[in-house]
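Read-outs throughout are calculated quantities, based only on the coordinates presented, and are distinct from any laboratory measurement. Since we're looking at a predicted model, the values are computed, not measured. Reconstructed Cβ throughout: ideal geometry from the backbone, glycine too, with neighbour counts over all protein chains shown.
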Amino acid sequence: MQSHDRFDTLGRLEDLPQDYRDNLTQQNLVPLWPSLRAVLPPEVPARKTQPTHWPYATLRPLLIQAGELTPIEKAERRVLVLANPGHGLEKMQASAAMYLGMQLLLPGELAPAHRHTPNAIRMVVEGEGAWTLVDGEKCPMSRGDLILTPTGLWHEHGHDGDQPVVWLDVLDLPLVYYTETSYHLEGPSQSVKQGEGVNAFGRGGVTPTTVFERSNKAYPMLRYPWAEARAALVSIADNEPDAECVQVTYVNPVTGGDVQNILGFYALMLRPGQSLRLPARSPAQVFHQIEGSADVQIEATSFTLAEADTCCAPGYTAVTLKNRSASEPAFIFVADEAPLHRKLGVYENRG
Ligand code: GTQ
């Protein structure tokens, strides 16, 4: 039997006569073997996603400056993209499937209505008085709130307060763009519909009974207030002192499944002094510090996340999070590509 090693050195492109290569090129043909190992590497996939840290302290002044340099009419969405250098900054991606942006809205500004194929969420970072109107539901924005803008739903952002508002956008734009399905439509400002959304679905464990009328909304809940998610985490920590990982998943209250089709969203609490090792799983992850401060160890790389900092980790990599406070809990918002990997059948947990 031939050993596996025998095939470790495959023929290179340069080994082929130039006229043969030219003939292939002319007919839009490519030999596989010089690239076989690159597209199917042994054991672990090639990942362009590098561990990357975006400290809020240095990002914020540049975002505020963008507010002075570029009026909302010239930006439509005033966003600084958190781009992973491993992919090339111009690709504007944090990982293979995730896009991150910090968006600034100033008092009185309106980011006009549009809808698009990528799914988006907002994680509110600072400021009060802004709102997002999604599919007719007016969602107030407060620190730590998660607001969904699922694929195809009209949305616009407004601001009735008197201080800048900043939020983190997480979109599956890189994946949707890659699949050549990314586009947007502009539309008129929406009117507010009453009696829907968080008012109906805001309580853990109970959902409205639909005996008489079935809701056919794919996205029944659009706003997940931080106060509720935080209370759930504190309750788990209080009631399950042995629970190693105090984490909640943001779910669709009707199906119990992930809130969106492609990316997954979670909130995690680190007990005072706790160190938590997250196993190496196939999806890339994003961490955003909502409260407190944590050390993040991603193989040889480590960052300290201060409040409002964001970082990302490639897939197939264990990540250790450590609360830097011995007296206060720390709270972290997590986004990952797990729903996508599960649907594709490539999800792995390697421990
Ligand atoms: O707020 O609708 O960061 O359409 C990128 C694209 C935000 C938005 C982004 C968008 C939006």
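Summary table
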{"read-out": "Degrees between helix 226-239 axis and first principal axis of the chain (Cα, 0 to 90, nearest 10)", "value": "80 degrees"}
{"read-out": "Student exercise, region 118-243 dipole from Lys, Arg, Asp, Glu Cβ charges, in Debye to nearest 20", "value": "340 debye"}
{"read-out": "The chain, relative contact order in percent, only Cα pairs under 8 angstrom and at least six apart counted", "value": "15 percent"}
{"read-out": "Charged-residue dipole, Cβ positions (Lys, Arg, Asp, Glu), region 113-189 about Cα centre, Debye nearest 20", "value": "120 debye"}
{"read-out": "Relative contact order of region 65-128, pairs being alpha-carbon contacts under 8 Å that are 6 or more residues apart, as %", "value": "28 percent"}
{"read-out": "Centroid-to-centroid separation of region 286-301 and region 32-90 [C-alpha atoms, Å]", "value": "18 Å"}
{"read-out": "Rounded to 10°, Cα long-axis angle of helix 56-69 versus longest principal axis of the chain", "value": "80 degrees"}
{"read-out": "Residue-averaged 222 nm ellipticity for the chain, from DSSP H runs of 4+ at -39500 (n - 2.57), nearest 500", "value": "-4500 deg cm²/dmol"}
{"read-out": "Leading residue at positive end of dipole, region 38-185 (Cβ point charges), from SER95, GLY67, PRO107", "value": "SER95"}
{"read-out": "Fluctuation leader among VAL246, VAL254, VAL206 - the chain, Gaussian network, Cα springs under 10 angstrom", "value": "VAL206"}
{"read-out": "Proximal lysines to LYS91, defined as alpha-carbon separation beneath 16 angstrom and excluding residues fewer than eight positions away on the same chain", "value": "LYS48"}
